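Take a look at the structure below.
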Amino acid sequence: MKPFLKFLHLLSLDVVLGAMLTSVMFWRLPDGSGPIEMSAVILLGISTWVIYILDRLLDLRIYPENLSERHRFHADHQYNLSILLVVLSVIGLVFCFLIPLKVLTFGACISLTLVVYFYVLNKVFNGNKLIWMKEPVTAVTYTLAVVGIAFVNQSSVNLSGWILAIFLFLIASQNLLLFSYFEDLNEPAVKNTVSYFGQSTSKKIITGIAALIMFLTIFLFSGGWEYINKVALLMMAMSLILSLMPAFENFFLKNDRYRWIGDGVFLLPAILFFV
């Protein structure tokens, strides 16, 4: 069972499922009974998978000497993953005809932005000190995609919904900075965001994000047990889990546990189906 789970993890399928579950969480706002456009959620999953595979394959070209286990996996299966990339793209194109026009237009804008992003990453940021911008740009894009497809289909969005969207951006930023932190511990010579901010400042940012989310959750969402309160409490828990990981560096560095847990927190929205 463990080798199979590791195979799924290396394929980034836990990330794909996490993006879908998190999006469903926002589709259900504000009261937990919001209509879910499953074709849009499935297309989000397909698009996320395509982006992750493409990002890893591009990394093999840009940084061939800096191969993590995930990158080695993609290098060893580069041909098969390239075929999978084409198949997923075709399936995604079919789903484009099944989703609402608003969602399709919004998704097309994000896709165009990503094309420009990948071009700039490959042509401009390669070997440039601005490569650290990859992670905040990824956090923004992730949040826009996961939350945007849910919000753009609604006639109006409550202020609390926008605050939760900001929470997601902060958690995604925290997650990416955390990964950079552990990667910097593993490979100090490889430049990333933590190389720019420094380990001490990065830890303070990771902890500060959790403190901010906890404060806002207690101040704004602790007055009831409605769906929106549950979402806020869950997102606070996600952030707190991420913030505690640097305190146990040796444990989470072993066997890339930080990636398992860091990606796994985005699976926690599944809990909302049961509470």
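The solvent-accessible area of TRP260, taken with every protein chain present and a 1.4 Å probe, is close to 90 Å².
When shorter helices are ignored and each DSSP H run of at least 4 residues is given -39500 (n - 2.57), the per-residue value for the chain at 222 nm works out to -24500 deg cm²/dmol. Which helices count as membrane-span-like in the chain under these terms: full DSSP H, at least 15 Å along the axis by C-alpha, Kyte-Doolittle mean of 0.0 or more? Correct list, ordered by number: 13-27, 38-62, 78-95, 101-123, 134-151, 159-186, 199-221, 227-244.
Centroid-to-centroid, using Cα positions, the range 77-117 and the range 1-55 are 14 Å apart. Note on surface exposure: ILE149, ILE36 rank ILE36, ILE149 by accessible area, highest first, 1.4 Å probe.
Per residue, the average separation of C-alpha pairs within less than 8 Å and at least 6 apart gives the chain a relative contact order of 25 percent. Hey, for a label at ASN80 modelled as a point 7 Å past Cα toward Cβ, could you say which residues of the range 1-45 have their backbone N under 14 Å away? Taking a point 7 Å out along Cα→Cβ of ASN80, the residues of the range 1-45 whose backbone N falls under 14 Å are 4-12. For the range 149-274, a crude dipole built from +1 on the beta carbon of Lys and Arg and -1 on the beta carbon of Asp and Glu, taken about the Cα centre, is about 100 debye to the nearest 20. Put simply, when 37-47, 90-100 are sorted by average Cβ atoms within 10 angstrom per residue, most first, you get 37-47, 90-100. Taking Cα extents along the principal axes in Å as the quantity of interest, determine which of (1) 50, 45, 41; (2) 101, 60, 30; (3) 75, 57, 35 was computed from the displayed structure. So the calculated entry is the one marked (1).
When the chymotrypsin sites (Phe, Trp or Tyr not before Pro) in the range 157-227 are filtered for DSSP coil states and for at most 11 other beta-carbon atoms within 10 Å of their beta-carbon, the remaining sites are TRP225.
Close lysine pairs were tallied over the chain: pairs 8 or more places apart or on different chains with Cα atoms under 24 Å apart number 15. Between ILE110 and MET214, the FRET efficiency from the beta-carbon distance, with R0 = 30 Å, is close to 0.50.
Between SER156 and TYR119, the C-beta separation translates, for a Förster distance of 45 Å, into a calculated FRET efficiency of about 0.80.
Rounded to the nearest 20, the Cβ-based charge dipole of the chain about its Cα centre (Lys and Arg +1, Asp and Glu -1) stands at 160 debye.
Taking a spot 7 Å from the Cα of ASN186 along the direction of its beta carbon, which residues of the range 4-21 have an amide N less than 19 Å from it? Output list for this probe position: 4-16.
Ranking THR207, THR48 from most to least accessible surface, computed with a 1.4 Å probe over the protein chains only, gives THR207, THR48.
Specify which residue in the list SER173, ALA40, GLN199 is farthest towards the positive end of the charge dipole of the chain, using unit charges on the beta carbon of Lys, Arg (+1) and Asp, Glu (-1), about the Cα centre. Comparing the listed Cα positions along the dipole, GLN199 ranks first.
The values are calculated or read from the model by the stated rules, or taken from the named source; none is laboratory data. This one's a predicted model, so the numbers in the text were calculated from it and none came from an experiment. Every residue, glycine among them, receives a Cβ derived from its backbone with ideal geometry; neighbour counts consider all protein chains shown. The accessibility values were calculated without ligands, DNA or RNA, using every heavy atom of the protein model including side chains. Shrake-Rupley method; radii C 1.70, N 1.55, O 1.52, S 1.80 Å.
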